[in-house]
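The values are calculated or read from the model by the stated rules, or taken from the named source; none is laboratory data. From a predicted model like this one, the values you see are computed outputs, not experimental measurements. Cβ sites come from the backbone with ideal geometry, for glycine too, and all protein chains shown count toward neighbours. To get the accessible areas, we keep the full protein, side chains included, count just its heavy atoms, and leave off ligands, DNA and RNA. Shrake-Rupley method; radii C 1.70, N 1.55, O 1.52, S 1.80 Å.
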Amino acid sequence: MSAGSKQRRLRGTVPALVGLAVVSLLAGGLTPASAENSRALYRDASAPVPQRVDDLMSRMSVEDKLGQMVQIERDAAGPADVADHRIGSVLSGGGSTPTPNTPEAWADMYDRYQRAALDTPLGIPVLYGVDAVHGHNNVRTATIFPHNIGLGATRNPWLVRRVGAATAEEVAATGIDWTFSPCLCVARNDRWGRTYESFGEAPWLASTMSEEITGYQGHRLGDDPTSIMATAKHYVGDGGTTGGVDQGDTRLSERELRRIHLEPFRAAIERDVASVMVSYSSWNGTPLHAHRYLIRDVLKRELGFDGVVLSDYDAIHQLDGDDSTLTASEVRRSINSGLDMIMLSTDHERFLHLLRQEVSAGTIPMSRIDDAVRRVLTKKFEMGLFERPFAQRDLLSTVGSDEHRALARQAVRESQTLLENDGVLPLSPEEDKVFVAGSNADDIGNQSGGWTISWQGSSGAITEGTTILEGIRQVSDAPVTYDREGDGIDSSYDAAIAVVGEKPYAEYRGDSPEGVRLSRQDLDTIAKLRESGVPVAVVLVSGRPVEVTEHVDDWNALLASWLPGTQGGGVADVLFGEYDPTGKLPVTWMRSYEQQPINVGDRKDPLYPFGYGLSYRN
């Protein structure tokens with residue numbers, strides 16, 4: 001870990017040392033009620049957490065409790081509104097950033113919310129959540145790691161744990177307490193637009209890679225000040241929907257649901273994951289957000305999950321079939337099914353009104369409310385938020401640090417999966433004159449994919465890092481020529497590298513029911529390179545297998561680079577033999593999309609089987 005990591009336990013800050021009474025004074029003065037509460041048992045950091053929770057809940061009104069069950073998008077509620085409604089959590093959705101989008105501005109924003117929350121009579125801090133799914137990916141300058149499909153190709157849970165720990169350090173530096181990661185979905189149909197968020201198609205692989213939870217949280221939540229809450233998502237079966245449709249219906253027997261999709265969540269709970277996010281999808285026609293059996297009976301009782309069950313973004317709006325208006329029925333069904341906190345883009349006032357109405361009518365029992373609030377407060381105490389409520393500015397220098405970028409480069413190297421090679425690879429950094437082309441060769445946005453700076457991601461220089469082209473130029477001592485379309489190549493070159501593939505996308509928009517193929521532009525570029533007569537190595541930047549069967553026999557090499565993030569030098573390290581390719585396919589690579597769904601053990605004939613991957617030694 002970085003120098004900042006070694007100093008973690010020295011972080012105290014004034015609030016941690018002198019208590020929240022002083023914090024509240026600094027924020028604008030103590031009310032008589034908060035002055036009395038400052039001496040309460042729940043303020044005593046030495047008291048057992050269950051006793052602190054009991055004491056705090058005994059002082060809370062119904063409105064205080066209901067507010068703790070809301071997580072609201074920052075664009076919909078500023079600090080004063082959050083405090084007025086006693087809201088328990090705030091989030092930044094994809095692309096919801098402060099201006100300017102700097103680590104310091106994030107820390108300032110976070111602290112404003114905390115100061116407002118601490119200045120309420122009970123002074124309950126907020127939890128702030130963000131989709132830090134491959135690094136602190138909303139923050140410009142942060143380290144962007146490979147997406148999960150690439151990490152699954154590494155087969156290295158220890159590396160994935162280190163990635164989680166580095167991400168937690170950068171997240172905690174900006175104040176954020178909670179990441180909605182890791183995605184433990186088991187991707188069973190590559191038409192699904194979230195395939196790259198999965199570690200792979202095998203339950204054991206997702207279960208093994210749940211080691212990332214320990215990276216985020218540490219051995220025990222809150223023991224280290226850089227510990228952040230992890231989220232196992234999306235419960236359960238979202239990777240198995242019919243046709244690979246996002247937010248679709250997973251039609252499986254309970255036995256198969258448990259065998260394929262439940263196992264990674266069992267592993268996450270064994271790692272004491274702090275929260276579980278419920279899937280937008282349905283199981284055999286019943287929406288997961290209203291599935292009392294799977295949430296209350298299986299997740300909470302059978303598996304013994306004692307953390308926070310969180311809804312997905314505005315997901316409960318869909319329960320009545322019309323997502324335009326939140327209804328009392330949707331509130332009642334979701335809460336009674338076992339959801340503890342509801343993630344909302346807007347409508348927090350309407351949600352609280354409907355929730356209060358249902359509680360008053362007795363259709364949502366107070367025992368269900370108390371269970372939810374107890375879970376939320378327990379995590380706040382375990383996280384140490386009552387003692388350490390503010391951003392850890394002593395760690396700001398770790399955001400995008402050289403050490404974290406070096407770790408990301410290692411993750412990129414280990415994810416590279418060599419599918420074809422007639423001997424053209426590895427290239428010689430001293431001797432081979434190389435021509436580079438392709439739509440993804442010099443584009444940090446394309447190689448980072450979705451969930452990077454914005455929800456869907458975008459092409460271009462959206463953040464800091466090293467493109468694959470820049471990495472090649474750094475590694476090679478011989479001449480490197482680049483033209484995006486491949487113009488200007490001739491027979492004087494020793495090899496050509498075509499870096500092609502997908503453009504950024506995220507959930508919903510990423511679904512591809514007709515399959516994923518190379519664009520006409522990419523194919524034309526490769527054709528130009530081949531016409532020169534030099535060997536052509538194709539580097540495929542994508543979030544899932546791409547249909548290449550018609551073309552691959554004409555290529556001298558094919559390297560699956562997945563979505564490597566900001567450290568393109570890791571791709572170059574493998575191309576030039578600085579490191580041997582060790583990646584193994586985390587998903588089965590189909591011959592054609594008509595074979596989808598295709599998975600290990602189903603007796604279909606793939607182009608490349610699950611677990612396939614060449615090295616330079618074979």
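If you average 1/r across every pair of different Cα atoms in the stretch 403-457 and take the reciprocal, what Kirkwood value do you get, in Å? Result for the stretch 403-457, one decimal place: 14.2 Å. Which listed residue (Gly460, Ala506, Met277) has the Cα farthest towards the positive end of the charge dipole for the chain, taking +1 on Lys and Arg C-beta and -1 on Asp and Glu C-beta about the Cα centre? Result: Met277, furthest along the dipole toward the positive end.
Considering only DSSP beta bridges with both partners in the stretch 46-151, what is the antiparallel share in %, to the nearest 5? Show your work: numbers first, answer last.
Working: 1 of 8 bridges.
Around 10 percent of the beta bridges assigned by DSSP in the stretch 46-151 are antiparallel ones.
Using a Cα distance threshold of under 17 Å, what count of lysine pairs results for the chain when pairs must be 8 or more residues apart or interchain? Can you show the working numbers first?
Details: Lys65/Lys379; Lys65/Lys380; Lys233/Lys300; Lys300/Lys379.
The result is 4.
Over the chain, what percent of the accessible surface lies on carbon and sulfur atoms, probe 1.4 Å? Working shown, then result.
Working: 9860 of 20900 Å².
Result for the chain: 47 percent of the exposed heavy-atom area is carbon or sulfur.
The stretch between Ser428 and Glu550, if pulled fully straight at 0.36 nm per residue, gains 41.0 nm over its current Cα-Cα span.
Each residue of the stretch 578-591 was assigned a 3J(HN,Hα) from its phi angle through the Karplus expression (A = 6.51, B = -1.76, C = 1.60, θ = phi - 60°), giving 5, 9, 6, x, 10, x, 10, 4, x, 9, 6, 9, 6, 6 Hz with x at Gly and Pro. Ellipsoid semi-axes for the stretch 217-306, based on the Cα gyration tensor and the rule √(5λ), read 26, 13, 11 Å when sorted largest first.
Kindly work out what percent of the DSSP beta bridges joining two residues of the chain are antiparallel, to the nearest 5.
Details: 10 of 54 bridges.
If I count the DSSP bridges inside the chain, around 20 percent turn out antiparallel.
Under a model in which nothing but the beta-carbon of Lys, Arg (+1) and Asp, Glu (-1) is charged, the stretch 48-199 shows a dipole of about 660 debye around its Cα centre.
For the stretch 352-474, the equivalent ellipsoid derived from the Cα gyration tensor has semi-axes of 50, 20, 15 Å, listed largest first.
Positive end of the dipole of the chain (Cβ unit charges, origin at the Cα centre): among Thr242, Ala187, Thr327, the Cα lying farthest that way belongs to Thr327. Could you compute how fast the stretch 487-587 diffuses translationally, taking Rh as the Kirkwood radius over C-alpha pairs and applying Stokes-Einstein at 37 °C with viscosity 0.692 mPa s? Give it in µm² per second. Roughly 221 µm²/s, to the nearest whole number.
Dipole of the chain computed with +1 at Lys/Arg Cβ and -1 at Asp/Glu Cβ about the Cα centre; of Ala230, Val548, Trp451, farthest Cα towards the positive end is Ala230.
With N residues in the stretch 146-279, what two-decimal value do you get for its Cα radius of gyration over 2.2 N^0.38 Å? Walk me through the intermediate numbers first.
Values: Rg = 14.3 Å, N = 134, 2.2 N^0.38 = 14.1 Å.
Normalised Rg, Cα atoms only: 1.01.
Quick one: if the Förster radius is 60 Å, what FRET efficiency do Ser329 and Gln521 give, using the C-beta to C-beta distance and rounding to 0.05? Kindly include the intermediate steps, with their values, before the conclusion.
On the way: r = 49 Å, r/R0 = 0.82.
Between Ser329 and Gln521 the formula returns 0.75.
Altogether, the Stokes-Einstein calculation at 10 °C and 1.306 mPa s, with the Kirkwood radius of the stretch 535-618 over Cα pairs as Rh, returns a diffusion coefficient of 114 µm²/s.
In this structure the chain gives 34 Å² per residue of accessible area when probed at 1.4 Å with all protein chains present.
I need the Kirkwood Rh of the chain: take the reciprocal of the average 1/r across all distinct C-alpha pairs and report it in angstrom.
Working: mean 1/r = 0.0402 Å⁻¹.
After inverting the pairwise mean of 1/r, the radius is 24.9 Å.
Here's the picture: a label point sits 7 Å out from the Cα of Asp297 along the beta-carbon direction, and within the stretch 207-248 the residues with their amide nitrogen under 16 Å of it are 236.
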